[in-house]
Amino acid sequence: MNISKFIYVGAIGLLALTSCDDDTDDAGNEINGTADLYATSHTDGSVTKYDLLRGEITTYGTASADAEGIYYSPDDDSFTIAARGATQTSLQSYLSVSDIIEATISLDVDIMGPTVLQSPRDLAVNGNIYVVSDNANANGRFFVFEKDGDSFTLRNTVTVDFAVWGIEFVGNDLYAVVDSSSDLAVFTNFASTNTTDATVAASKRITVEGIVRTHGLDYDGGTMIMTDIAAASGGDFAVDGAFHVITNFDSKFDAVDNGGTLAVTDQVRYEGDATLMGNPVNVVYDAETDAVYVAELANGGGQILTYGNVSSSAGGNVAPNSATTLSGVSSLYLYKD
């Protein structure tokens, strides 16, 4: 199936936006707004942008051979990736990317940070603070960078006593999944509290009942999404993935004591062979449309799966609204305006 049409059809009914940017579809209907889904790849380090409203796809070749973690900034019209590999171990920003539409193009790096990363897994941004989770060691690390104009400076490195993967800022608090477990940790006022190289403990850590091994997370509009890759390989690893929807997340998380468990009855779980999830390594949630976008790595060499009405449905073995192949898909970022 044509990928452009597939993504576009999957987005119809999920995205309803207003903005000053006008366009029309093939039928002459006016399209308003911006809804761009950015995706990175392990396969070649490329970044693919899906314009969910217009059905357009742009593929950017980067200087990285492998990428995991991405963020788009409207301030300088750039995306930033966490580059992986023997020679690319840094944050890399590429500027003025929206001028390129429906094309495949190779880009040169505009801003590159120091080559200090080893095994980056996710990128979270709060203002000019860029945090990369890195799981090269048994004790995970957060590399904290400051972006100032056309440069990244490594401000400090925070070491924690657990393996890391997905991270997400909610206000000034940094949430982090605890890899190889079903736990979720938070570091309150992360950037202002942790300003020097140090080993620190999480402000709070809880168990999310029902998850086997968590990886990705995303928060929007009071709802937290967490993915479960379960087995990473062997057996039925290609069909044992899931994601959890936790509405009213802030109050539910606050109600659980440090070291306690968030009951599965306070969540909605999507799982089963019809979901096409085996290793959902990253996720994006859009509260306005109640849609989840999953980076699925175990099936078809890599796929982006879309699910609608996720907080108002009962979960279970539900097929995605759309699925499209993206080789080695590793992380996602949704920008809307």
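The values are calculated or read from the model by the stated rules, or taken from the named source; none is laboratory data. Every value quoted in this text rests on a predicted model; they were computed, and no experiment measured them. Cβ: placed from backbone, ideal geometry, glycine included. Neighbour counts: every protein chain shown. Heavy atoms of the whole protein, side chains included, go into the accessibility calculation; ligands, DNA and RNA do not. Shrake-Rupley method; radii C 1.70, N 1.55, O 1.52, S 1.80 Å.
Things worth noting here:
- Failed item in (1) surrounded by 16 or more Cβ atoms within 10 Å (Cβ to Cβ); (2) in contact with an Asp or Glu (Cβ under 8 Å, 6 or more places away or on another chain), with Asn309 passing the rest: (1)
- Checked against the criterion of being within 30 Å of Thr59 (Cα to Cα) and of a type outside the set (A, V, I, L, M, F, W, C), the candidates Thr265, Thr223, Thr247, Thr227 yield just one match: Thr227.
- Pairs with Cβ under 7 Å, 6+ apart, first in segment 263-274 and among the charged types (D, E, K, R), second part of a helix (DSSP H, G or I) and open to solvent by less than 70 Å² (accessible area, probe 1.4 Å): Asp266/Lys252
- Hits in segment 312-333 - residues which are open to solvent by less than 30 Å² (accessible area, probe 1.4 Å) and within 12 Å of the chain's Cα centre (by Cα): Val329, Ser330, Ser331, Leu332
- Against the test of being at pLDDT 95 or above, of a type in the set (Ser, Thr, Tyr) and farther than 27 Å from Gly259 by Cβ, the options Ser98, Ser133, Ser182, Ser93 yield a single qualifying residue, Ser93.
- Selection within segment 276-294 - touching a Gly at 6+ places or on another chain (Cβ under 7 Å) and assigned to a strand (DSSP E or B): Pro280, Val281, Asn282, Val283, Ala291
- Selection of strands (runs of 3 or more DSSP E) fully inside segment 209-275 by the criterion of at least 2 residues being within 18 Å of Val170 (Cα to Cα) and not basic (Lys, Arg) returns 214-220, 223-228, 242-246.
- Checked against (1) at negative phi; (2) in contact (Cβ under 8 Å) with a residue 12 or more places away in the chain, Ala230 passes all but condition (1).
- For segment 251-297, the set of residues classified as open to solvent by 60 Å² or more (accessible area, probe 1.4 Å) and among the charged types (D, E, K, R) consists of Asp254, Asp257, Asp266, Glu271, Asp273, Glu288, listed by residue number.
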